[in-house]
Each structure stands twice: as C-alpha cells, then as structure tokens.
Amino acid sequence: MFSRTARLIFSRRAHSKAPKKLVGKWYYNTDSPISKPDWYEYASESSLEKFIPFSKYDNHRLEKAYAAEKSTIDVKEDRLYQVEFDSMQLSPVYWPGPVYEVRRGTWFARDGTPLDAKLTEKLEQSYRKIRPFKFEEESDLLENVSRDLTTKFNQELKSLGNEEPVDIEEEKDVADLGEGKAVIFFDEKYGAIFPKNISSFQVNMIRSIQPSYGTLMSVTPIQRGYTEGLDSSVVESVKSAKVSSLTQILQNEVATFFSKSTDNDASSRADTDEDKSHILKNVMEADSKEDLSALNSKRNIKHLVFCVHGIGQLLGGKYESVNFTHSINVMRSTMREVFTHEAKYQQLAYGDQYDKKSEEQKINNTIQVLPISWRHQVLFHPQKALEGKKKQLPSLNQLNIDGVRPLRNVIGDVALDVLLFYEPEYLRQILKAVSSEINRVYKLFKTQNPDFDGKVHLFGHSLGSAICFDLLSQQKPDKSSKYNLDFDVENFFCVGLPVGMFKVLQQKTIEPRVDQNTEEISLDSDFAAPKCKNLYNVFHPCDPISYRLEPLIDLEFAKVKPEEVPFALQGFNTQVQNLTSLSDDIQDKILLASSWFSNDNPDKLSSGTKKKKRPVEEENALGDIISTLTSSKVQKTSTKKNKIVEYNEEQLKKMIKMNRTGRVDYSLPMGVFSIAIVSALSAHISYFEDQETVGFVMKEILSSDEPPVTKRKVTSFK
C-alpha cells in the first residue's frame, strides 16, 4: 500500500523533460594509497574516506582530456603528477611514490564525497531507467514531516526481520543496486541509498522524510551532479593540514631514549601503520594547498636542480614525512615563498625584463627542484638478513645488544648510510644508483619539457653531497666513466657536507678541475676535482656533520673565515645581523646603550661585579636581547679580532676556478632566537625548511650568468 506521497508521485502526467547533462568534478584520495614503491612492503587494507578536489584549472583540463579519451594527463603544480584514465590513478611523474585513486564525481554523498565509479555507473543506469527527472513538482507533494519520524525509523530499523522486506519491483521510484543495497530517487537531483532488506513501511518513511531531519540509520543521502560548496568542509580541512618537520620527527625519536617502554611495546611507538597512514595523508594534503592556475601549472623553467638525499632515509619507512620527496616539496614551496616576497630575487630572475606589476613573474622563479631517490637500490637494510656470496648472514638488528636499543635503532636508521659509503662494494652501488637515477629523471624531464635548454644544478644534503662530490670527480670527457652524467653541472651546492673530514682521512686534497688530466682521475687518486662550474659548501655554524672545504683547496685558506650568508628576507633578523656586524667602536656604544635598556649601571659591567637579580617590574625583554647579542659579540671580538684582507693574485686565480664568487665555504646566519635554542641535530636536518639556505641557493642560481669577480676581500683570523 503506497503512502499519499507515493500515490502523488505516480499519478503525474507525463512530459518531455530530459535529464540534466553531467559535468565531472575530479577528486583524488589522500588517506589510503592503492600502492607504494616495493621497498615499503605495503598492502592497502583501510577503506577510502578522504577525497580532495583538484583545482578548478586542473578540473577543466581533466574533463577535457577525459572527453577526448586521452590515456594520461599531467596535473598539479608544475605538472609533477599524472592521472592515468584507464586505471583512474594519480602518481608522481619523476620519482617513485604512493599511488592514489582518482574519481570523476557525478554522484555524491551529501558530505561531498564522490561515489566510486562502479556505484556511480549503477546509479546513473537506474536513474535513466526510473527517470525521476520526469517527476512532476507539486507544492503539496510532501507531507508535513515531524522529527519524530526520524526516531521512529531508526527504532524500526533495529527490528529488521520482523517484517517482509520491500518488493523493489513494486516500488516505482526504487532500484536494486546489488550487494544488498537499493536506491530511491526523490526528484531529478536527490535520492538515498539504503539496505534492501528493510520493509515497505520503512521505504515509505524514507520517501516521506527524504533524509533532511537528522540521520537515518544505514541510509546514505545522495545527489546527482556537483553544486558549489558541496566539498567546502573537505577543502577547509586541507588548508589546516599540518606535517611535523624533520626536526620534530627526530626529536620524537630521541625522546624514546628516555622512555621506559621497550621496542616490543607497540602502543608507545609512533611507527604503527595507523600513524604512518595519518602522517602520509597530511603530507599529501599539505603538498596540495596551493591554488593552482595556468601561471603555476606550466612554468617556463630555466634552471633544473636535482636534489640528492643524505643520511636517515630509512626513517621514511617509519615516518612518511621524513620521505625525501616531501622534503623537496617543502624546499620548492619555501623557495616560491621567499621569491614572491622579495623583489631582489625577481629582479635577478628577469633582469631587464623585470616588471614589478607582473603576477606571472612573482609566481615563477624559473627554477624546478626534483628529488633523486636512490636508497632503495642499495642492497643493505638493518632489519633484513643479507645473502652473502657463500653463506646466509644475519641482519644488523640480529647483532644488536639490548643496551640503549632505541639509540642503536636511530643510529641504524640515520647514520648507517655514512658507514656504507666508503665500503668499496657499496660505494660503487651508491654511485651507480645515483648517476643512473639522475640521468633517468633528466631524460624524462627533457621529454616532458622539450623546449628546456637551461642550466642544470646539483644540490646534495649530508651524505648526498658526498655522493655527488665523488660522482662529479669521476666524470670523464669521453663518457668512458660508468658514472657519467648526461649533462654538465653549472652549480653544485653541498649542504651539511662531511666531505672535508672524509678527504682528510683519505689524505686527499681538492683541486680545480681545469688543472687536471681528467683521463687519470679515479676513486684512488690522491686528490678530488669535481666537474662543475661553481662549487658551494653551505653549512649552519651549529651543524656537527659539516666541515669546511677551502683549507683542502689551499692550506692558507684555513686562516680565512667562511663567507657569511645574509638573511633571505628583510626583517628583524636582518636588522640584528647588521647591528652585530658594526665596527668595534660602535659595538662599544651599543653595549653602553644596552646597559641602560637593562637597567644596569655601565660601571658595574666593566668591574666584573656579579649582577643582582632584578625585580619583575624592572625586567626589560628588548634590553635583554640587545644586551645578550652585543655583549657576546664584544666579548668575542675583544679576545680575537678579525681582519679584512684581499686575496693576492694567485689565491684569486685559484679560487675563481672553483667558484666565480671567489669563495666556496658559506656559513648560514643564526637568527636572534636560534642563538640559544638551535640544536646540533636540527641544524643538520633542517636545511630544506630553512629560508636562508633556500634564499642563498636561489640567489646563486639566478646569478649564474654573472662573470667571475676580479678581486675579493675576505675576513681573516688574527
């Protein structure tokens, strides 16, 4: 027996209204990858819940390519990802990474989630069969619905089995979807999916209520076609996605040293599958925050930078945010932010063509940064047994002792690659893996960007810089080296570089490439001569892994201080740096002024009298900051004053063969607050997030065409 609502629906006169044409809205999943690279040993088990929309620009391109029946299309910022239409999957173009499901949304749950392709196809077939778009709209069609009906429906649903299930063939607005589900259509736009074992009475209740008052158990309201704002809550959640920095991740690792929990206490560790999935979801969403447009979808690239990772990539198996590709996404984003907010970089990039009103120029720094992942190609892992040439060998973990096991685990994850690098068998594996991967990505980039004829640069971090250093030292002009690259390197940036220590232990010096017979260069040579136009050694003063290179080029340069890198952006840090760079005479005056700021008698400062603790009402934060900065600076310069000198002709000639600027060693600045709180650990791993590192690298890349210096002043130690 149909309700009044049902009778009204089926007593309508027919008319010729046609179904509304659907335009797809494209989404990709972020919470459960379909697959990951083989070395993750990953199996997808969780259901897909979180789908975020592609940008409006990409959505238009996807819909157009889909209609044209193309097989793939490149998407997202700089088109670094691609969608395969046959498999409906999203994957990175240039590096191995997780693969995610893509959906062309035409039917949606009311929370904005696009329904999967199989269900969508069944819904559309049922829709065209039942033709709810021909239902006549009448103002009195629906009865006045009480909220009490919602409660009554849910109570009825709990007692399923007491009544005969609905006969779908008798319900003219209901269709069977299979797999125990059915759909009811309310009109040309809205409907609901429900379990098909419910009673006819309950179907009538769904028909009457049209899920608008509260939640009906096991009933999923749906709509046909996208409406503006349907996915607004999803978009807002993406904007708030946060990812722990590398520093925070390793601080968590270090914290386990002091934990009472054991390795077997899975609940106390942060490397569970659930945690990994949550972190990876945040990584995907954090890397998707930019509002893509035609300007940043396909930029004109003049400089290509390949980044080679260093120690600690095994941590990527535990923490997806330590994954190197995400670090490079952070670096690319930081570079874009610094470039957009500082006109001096824009002027370097565009020269005479610079237009401060051009939005395109503000967005495009003309630099592309790509990761080079190599660790998975090296056949050694601390948790896996190693197959020897004659016998089965134990894993490193099986050799471990119980004392400070968390510390040993971190050492295995973080520092193991350094130990491997100079073991001959693994050294050759690593050099081959890195050179072949760089060449693969370079060839692919040229295929994707056939008009590219710009410069290529290398950026190596920690062990990655040591790998690139030895790799460039093995380049042969006739391509006879099995480690040869398919291009010439313009600038080679080493950050957090341990090579200085390595070369001293190997008793090797560093020589300009142009002065050597490259045919005689080998891994056994008593010198290293990396083949690049300009060599940069960039380090944070607190980084315990970094060492200088200039004394290995000429021992006299040990008397010269590294060049100080300026702050990337103008601001408070820059002002303080300028203050602390003033002459000794002015510093003395600032010290006097700071004593007034801090309510201290200047006579007491020089007398050595112990200062008394000030009352709270006399505390002066600004005075304390200036006093700390200036007093520490004065104390330093009073015991060891610096001297400005100029290179002699021979020194200058030698140094410009290594770098057009006349310097190789560059020391990053310490911000006002980092003086007290920066740690050795964070100093070594935070280069990718550091504005000063990124700003310096960007400046030197954009200055590549400038001629070598003709003279060079440096600061020497007395």
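The values are calculated or read from the model by the stated rules, or taken from the named source; none is laboratory data. The model shown is predicted, which means the values in this text are computed figures rather than measured ones. Glycine also receives a Cβ, built like all others from the backbone with ideal geometry; neighbour counts cover every protein chain displayed.
Values for this structure:
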| quantity | calculated |
| --- | --- |
| Boolean, residue 453 is within 27 Å of the chain's Cα centre (by Cα) and surrounded by fewer than 17 Cβ atoms within 10 Å (Cβ to Cβ) | yes |
| Residue count for the range 550-574, restricted to those that are over 18 Å from residue 689 (Cβ atoms) and either at pLDDT below 90 or acidic (Asp, Glu) (or both) | 9 |
| Matching residues, the range 8-35, being more than 53 Å from the chain's Cα centre (by Cα) and either aliphatic (A, V, I, L, M) or modelled with pLDDT of 90 or more (or both) | 8, 9, 14 |
| Residue match in the range 454-470 (condition: modelled with pLDDT under 95, under 30 Å from residue 691 (Cβ atoms), touching a Cys at 6+ places or on another chain (Cβ under 6 Å) and not in a strand (DSSP E or B)) | yes |
| Test: residue 479 is surrounded by fewer than 17 Cβ atoms within 10 Å (Cβ to Cβ) and assigned to a loop (DSSP other than H, G, I, E, B) | yes |
| Near pairs, Cβ below 6 angstrom, 6+ apart or cross-chain, from the range 409-437 (at positive phi) to any residue that is at pLDDT below 75 | none |
| Qualifying positions in the range 656-670 - more than 17 Å from residue 716 (Cβ to Cβ), in a loop (DSSP other than H, G, I, E, B) and in contact with a strand residue (DSSP E or B) (Cβ under 7 Å, 6 or more places away or on another chain) | 659, 660, 668, 669 |
